Each structure stands twice: as structure tokens, then as C-alpha cells.
1. For region 143-201, what Kirkwood radius comes out of the mean inverse Cα-Cα distance, in Å?
2. Under 30 Å Cα to Cα from Lys162, which lysines show up? Leave out anything in the same chain fewer than 8 places away.
3. Would you be so kind as to identify which of Ile224, Val203, Gly107 lies farthest towards the positive end of the dipole of region 82-239, taking Lys and Arg as +1 and Asp and Glu as -1 on Cβ and the Cα centre as origin?
4. Counting only heavy atoms of the protein chains, get the accessible area per residue of the chain (1.4 Å probe) and round it to a whole Å² value.
5. Could you give the length gained on full extension between Phe37 and Asp57, defined as 0.36 nm per residue of separation minus the Cα-Cα distance, in nm?
6. Name the residue, out of Tyr40, Tyr193, Tyr49, whose mean-square fluctuation peaks in a Gaussian network model built on the chain with Cα pairs under 10 Å.
7. Please give the charge dipole size of the chain, origin at the Cα centre, charges +1 on K and R Cβ atoms and -1 on D and E Cβ atoms. Round to the nearest 20 debye.
8. Would you work out the charge dipole size for region 35-159 about its Cα centre, treating the Cβ of every Lys and Arg as +1 and the Cβ of every Asp and Glu as -1, and quote it to the nearest 20 debye?
Amino acid sequence: MKHTFLALILLMLFCNGLNAQFNDNPILNIENKDKNFLNYGYFLGFNRYGFKFDYKDDRGNRDTDVQVLESTGFNVGLIGEMRLHEFLDLRIEPGLYYNARTLGFPGFLDTDEGRRNAFREVKSTYINFPLLLKVSTKRYGNFKPFLVAGPSASLNLGSNEKSLDDNSSGTFRLKKWTYNYELGFGIDFYLEYFKFTPSIRGVFGINDELVPDNDPNSLWTGNIDAMRTRGLFINFTFE
């Protein structure tokens, strides 16, 4: 989590630095940018993906919970925006999201073989399709804050859903499609030639993504009732 907090601090400092460039009566850049019915752009950024687990036998004991070691991944994608109202836009942001997580499972012996079996690296390459509603404030000089929310569907290219092998053969399986809702905020900065937008967004999985092992008493998946994505996106948009 320390990387997430560092990213948030850097984002805030960056936004404050840009904001300091605009005095009380600035010259308005690209003044008619938001009056276009359609706007296009692209984004770059990074992510932190994790999982939320529900257990069949939930005794509230961390020693029996699956441990998730998160890492930082990257994002890249395109933006299409439709103007619905002065303060309301509809956005689509198809993008490619790469991340790797390591899961640690309880119940294995403290031996070399047990330690190997207790951990599974879950590499995911998602193609994410969000449909977002962007609600903005009025424009203040050359910046404009906004909130954004909406549903999304993610196609996991590394899901292994159709694999006949399971954890007993070293293969951790996820469902191919994940359905989420996303909620976040950001600030549009109107520069001389383009609009630059840093934003931060939380991602909350709705459906159970786990494909259980063939053995219902599996040490890896036998006690898991549901597994859902939790994620954080930090994107930098150029329009």
C-alpha cells in the first residue's frame, strides 16, 4: 500500500503545481474545447489490483485467510466523450491493463514443497470496457474538477478458465469476464494546446471470478465462497 500512498501524494503535488500556474484572472486556454459534441483522447497510467475474499468457513482468523501481495501495473487506452450537458458527459475508455498478484494460501507445511504449493502468481492482462458518467463543476479559469462513475466489463486474456488443469497442477483459474463498478474523481487542466487530466478511480468487482479446483476439498479453493476484484487506477489523460 505504500506505493499507493506515494502515488496519491505525487498526484496531489503535481496538481498543485499546475494549479499554481493559473492566477485569479488567467488567459483562458482552448476556451471552446468542451463545447464540442464529441471529444477524443488517450490515457496512460498505472494500477494496483487486489482481491476481496468471502469464505465458506469464515472465523475471522487471518491465519486462515488468503494473503494477497499486490504489485503496480500499467494502463494504456483511448477515450471517447459525448457532451450531454454543460456539466455532464458520457465517456467510454477502452484500455489495456496489465498486473500481477501473488496469492498465499494457508494450510501448507513449512517445507520447500509446501512453500512452493502455498503461493500462486496470478498474471492478468485485462481489456477493460467502462461506460462512465462524468459530472463536472463549472470551469474555474483553466481547470475544472469532476466526479466519474459507471459500470465496466473486463476481459481477462490470462484467465485460464477453460484449462483442464487446476492448482494441483500449478494452474490458478479465473473467469474470463469480470463485471465491475468504478468511482473516482479528477481535474481537467486546460493547457495551451490540449487538455490534461490526472484522475484516480476505485474499481469494485461484482461477480465471483474464481474457477474452483476440481477437488471440492482443495487446499487452494475449497474454503473460498467468492473472490472479487478490488483495484485502484491512476490515469493521465490527454485530449
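1. 14.7
2. Straight-distance partners of Lys162: Lys52, Lys56, Lys123, Lys175, Lys176.
3. So the residue furthest toward the plus end is Val203.
4. Per-residue accessible area for the chain comes out at 54 Å².
5. 1.9 nm
6. Of Tyr40, Tyr193, Tyr49, the Gaussian network model singles out Tyr193 as fluctuating most.
7. Approximately 540 debye in magnitude.
8. So the magnitude is around 660 debye.
The values are calculated or read from the model by the stated rules, or taken from the named source; none is laboratory data. The model shown is predicted, which means the values in this text are computed figures rather than measured ones. Backbone-built Cβ (ideal geometry, glycine too); neighbour counts: all protein chains shown. With ligands, DNA and RNA removed, areas are computed over all heavy atoms of the protein, side chains included. Shrake-Rupley method; radii C 1.70, N 1.55, O 1.52, S 1.80 Å.
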